[in-house]
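Reviewing the structure listed below.
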Amino acid sequence: MATATAVAPKTEREFLLQNRWLILFFSVLSMVAVANLQYGWTFFVPSIVKQLSSTTALVQVTFTLFVLLETWLVPFEGYLVDRFGPRNLVLLGGVFAAAGWVGSGLAGDLTTLYLTYAVAAIGAGIVYGTAIGTALKWFPDHRGLAAGLTAAGFGAGSALTVAPIADMIASSGYQPTFIQWGLIQGVVVIFAALFLKAPPAGFRPRALPEFSSASRVVLSDASWVASSLDLGVPAFGFGAVGDAGDVGDAGEVVGLGVGLAALTATDPLAKTPAASAPMAPDPAKMAPATASFIRLMFTS
């Protein structure tokens, strides 16, 4: 495959839009801005139960729908990204995320809450899938780094804003909090989307050598096990975050996901075949994550 030749940018804006590190930064920023749609939900539940004179079980159906729509639609959203580009999709995701939280703040019954938070879920899924996919396309030589930084933004976003959101719910109520933070987060996503673009066809960083299909590395058994855990834990983690009684519980689930992501953040294609020896699992790294996972399963 021929190595793509970069065309010299004509303007400062074009130069910025060709900087893959800047594109990665705004991919991470878009993830930061939608993190609260998932991780901030638990703070709103008690107030919603009281305001709508409902039960925790019925209100938590909202989060169940959120998880389903955020994750199951990603393959279709990926098709749309290839067709219309990451910028347009993340712009749409920002609008959906903002509209979903604003609508949730205005919802006067459970049905409306379900529908509006479903819109937010679609927006979060669009942003998540597009940000990860775009980062991987721009960094075929550092896939683990790009995916790890982008995914970390999803957890870091809630860490940065959890205190002000909790304080505003306590002082002003959950409805103004939904509306104000929905608008803030939507604007941030829309702004970040303006800097996103797909790499040109045939793009390969100059430092990345060519690989034939015969030289592609097969992940070791240890990597497959870790990858399976990394894919399986979110399903458990989403439910645990939704039912978390305090920030410590939710933080432990997020920390577990980050730990497993770190175990799988490898980039076989960035190595030569000779340097790609099968990895043996490191008990010092695996044991704490495994123990934490088992303890959460049986004590949550």
Next on the checklist: Just to be sure I understand the filter: pairs with C-beta atoms under 7 Å, separated by 6 or more residues or on different chains, first member in the stretch 66-84 and assigned by TED's automatic domain parsing to the domain that holds PRO199 and among the aliphatic types (A, V, I, L, M), second member surrounded by 11 or more Cβ atoms within 10 Å (Cβ to Cβ) and at pLDDT below 90. Which pairs pass?
Outcome noted: VAL67/PHE238
Item to check | Sole exception among (1) farther than 24 Å from SER47 by Cα; (2) out of contact with any helix residue (DSSP H, G or I) (no Cβ under 6 Å at 6 or more places or on another chain); (3) not in a helix (DSSP H, G or I) for GLY108, by number | outcome: (1)
Checklist entry - Of all residues in the stretch 30-66, which are closer than 27 Å to THR130 by Cα and of a type in the set (Ser, Thr, Tyr)? => result SER30, TYR39, THR42, THR62, THR64
Checklist outcome for this item: Within the stretch 108-121, the residues that are of a type outside the set (Val, Ile, Thr) and buried (at least 21 other Cβ atoms within 10 Å of the Cβ) are LEU113, TYR117, ALA120, ALA121
Item to check | Hits in the stretch 34-70 (condition: among the small types (Gly, Ala, Ser) and closer than 14 Å to ALA107 by Cβ) | outcome: SER47, SER53, SER54
Next on the checklist: I'm checking my understanding of the structure. Among residues of the stretch 134-161 that are outside any helix (DSSP H, G or I) and surrounded by 20 or more Cβ atoms within 10 Å (Cβ to Cβ), which one is modelled with the lowest pLDDT?
Outcome noted: HIS142
Item to check | Of residues in the stretch 1-21 being assigned to a helix (DSSP H, G or I) and either small (Gly, Ala, Ser) or surrounded by 14 or more Cβ atoms within 10 Å (Cβ to Cβ) (or both), the one modelled with the lowest pLDDT | outcome: LEU17
Checklist entry - Looking at this structure, is VAL90 within 25 Å of ALA135 (Cβ to Cβ), surrounded by 16 or more Cβ atoms within 10 Å (Cβ to Cβ) and modelled with pLDDT of 95 or more? => result yes
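The values are calculated or read from the model by the stated rules, or taken from the named source; none is laboratory data. Treat the numbers as computed from the prediction; the structure is a model and nothing was measured. We place every Cβ from the backbone using ideal geometry, glycine too, and count neighbours over all the protein chains shown.
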